[in-house]
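Following: one structure in structure tokens, then a few remarks.
Every number here is computed from the coordinates shown, using simple stated rules; none is lab data. Nothing here was measured: the structure is a model prediction, and the numbers come from that model. No Cβ is skipped: glycine too gets one built from the backbone with ideal geometry, and neighbour counts run over all protein chains shown.
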Amino acid sequence: MKLDRIELREIQMPLLAPFATSFGQTTQRRILLVRVWDQDGADGRGECVASETPFYSHETIDTAWVILVQFIGPMVLHQGLTHPADLSGRLARIRGHRMAKGALEAACWELQARKESRPLWQLLGGTRREIECGVSIGIQPSLPQLFEKINTALAAGYRRIKLKIKPGLDIELVGEVRHHFPDIRLMVDANSAYRLTDAERLERLDEFDLMMIEQPLAHDDLIDHAALQRRLRTPICLDESIRTRDQARQALEIGACHVINIKLGRVGGHAEAKKIHDLCLQRRVPVWCGGMLESGIGRAHNIALSTLDGFILPGDVSASKRYWKQDIIQPEVEVTPRGTIEVPSGAGLGYQIDEERISALTVRTETLK
Ligand code: OSB
Ligand code: MG
């Protein structure tokens, strides 16, 4: 494969409802789509999961755009590439900026799959034909509104509920939810809102039979998470803190977590995601696929990744209609009454791209040659 052309495109999509976490609120997504073509005219697509703000990760859509234009493009265009798995090595000189790299890398995986006329999930080594879905529910203005969201998700068949928590909206809130929904699979995500000095407070979550608590402490910490895990019965799941396979290995070695949330963008693409997955599978550590409020293209990549054997827990990959009035792929991602997504069988991502819809949402484009 030799890349001939890269197109960057920013689309803007309003979320159906604001999504609030301990680090902030999102109402309108600005999404960077990457499309690549090789010398034979074959193409592939990826989505950069960087947010509008540097509050989840240091990367934003604007930093990713600049890094793609100034560094990633020139390093990969017109170079012989044997396989998309080689890209991360090619880009290793660029420190960090994994969401920028991951968008390009994922597009190249789809390109490769389309060239081979195979589904991307098969090229990645996946086996599942159906993936289990959970939902991530943002912080709600009131408890009745939260209950309503939970009821809607359960009625749609979703297999686990994740609640966002933050200091002051945690123990009592989770207690109320557990009291009203005694039997559901429930977990919480703090997005780094606590310090180790909050351990005593966090210990109180142990009584609610949570599947896990996601990223309670600092976004770049492993050591304090290990200290916290020694005090909690509830398993810790790391999200923000795991950006490489080595960090996953170190986290497991010191007991910083018992579960890992794998996000394609956060780890820099499918190759690194697979490495983390393989490590966890070998050590019998459960993983699941996280989400970043993606449009259909990012969502389709998450579905492909989730078909790997180690993704044994329901992920945050859910139906398009939970986020968007109209998605940019056809058919939209739908969830069965069993709370699963059926993996498409077409080549590449396996969804049609709605070009007209994308054009209508586009606010800027740049072509790299
Ligand atoms: O921490 O998993 C997270 C959304 C944006 C940034 C971080 C996170 C999330 C979610 C939503 O939890 C997942 C989704 O439904 O796409
Ligand atoms: Mg998270």
Per-pair calculated FRET efficiency, R0 = 41 Å: ALA227 and GLN326 via Cβ, rounded to 0.05: 0.30
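With 10 angstrom as the radius, rank ARG128, ARG95 by how many other C-beta atoms surround their C-beta, starting from the fewest. Don't skip to the end; give the middle numbers.
On the way: ARG128 17, ARG95 6.
Ordered from fewest to most neighbouring Cβ atoms within 10 Å, ARG128, ARG95 come out as ARG95, ARG128.
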Tilt relative to the chain, helix 98-115 - C-alpha long axis, 0 to 90 degrees, to 10: 60 degrees
Inter-probe distance in nm under a simple model that places probes 7 Å from Cα toward Cβ, at ALA92 and GLU172: 5.2 nm
For the stretch 16-142: rounded, prolate or oblate by the Cα gyration tensor [a/c cutoff 1.5]: oblate
Charge dipole magnitude, Cβ of K and R +1, D and E -1 - the stretch 184-284, Cα centre, debye nearest 20: 400 debye
Distance in nm between pseudo-label sites at GLN79 and PHE181 (7 Å out along the Cβ direction from Cα): 4.6 nm
Overall dimensions of the chain as given by Cα atoms, namely Rg and Dmax in Å: 19.6, 60
The stretch 133-199 versus the stretch 222-288: alpha-carbon centroid distance in Å: 22 Å
Dipole of the stretch 294-338 [Lys/Arg +1, Asp/Glu -1 at C-beta], most positive-end residue of LEU308, ALA319, GLY296: ALA319
Cα-centre dipole for the chain with unit charges at Cβ (Lys and Arg positive, Asp and Glu negative), debye to 20: 440 debye
Positive dipole terminus of the chain, leading residue within VAL333, LEU196, ALA256 (C-beta point charges): ALA256
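How do ARG338, ARG98, ARG185, ARG245 line up, fewest other C-beta atoms within 10 Å first? Intermediate values should be presented prior to the final figure.
Details: ARG338 12, ARG98 27, ARG185 16, ARG245 19.
With the sparsest Cβ surroundings first, the list reads ARG338, ARG185, ARG245, ARG98.
Between LEU196 and ASP62, what length comes free when the chain is fully extended (0.36 nm per residue of separation minus the Cα-Cα distance, one decimal in nm)? Before the final figure, lay out each step's value.
Working: separation 134, 0.36 × 134 = 48.24 nm, distance 3.29 nm.
Contour length minus Cα-Cα distance gives 45.0 nm.
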Options GLY175, GLY138, LEU205, ranked by Cα towards positive dipole end of the stretch 130-264, top entry (Cβ charges): GLY138
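So for the stretch 142-247, considering every pair of alpha-carbon atoms, how many percent are separated by more than 18 Å?
Above the 18 Å cut-off, the stretch 142-247 has 47 percent of its Cα pairs.
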14 Å Cα-Cα reach of LYS274 towards aspartates and glutamates, excluding residues that sit fewer than 8 places from it in its own chain: ASP86, GLU105, ASP246, ASP309
Above-threshold pairs, the threshold being 21 Å between Cα atoms, out of LYS149/LYS321; LYS2/LYS115; LYS2/LYS369; LYS101/LYS166: LYS101/LYS166
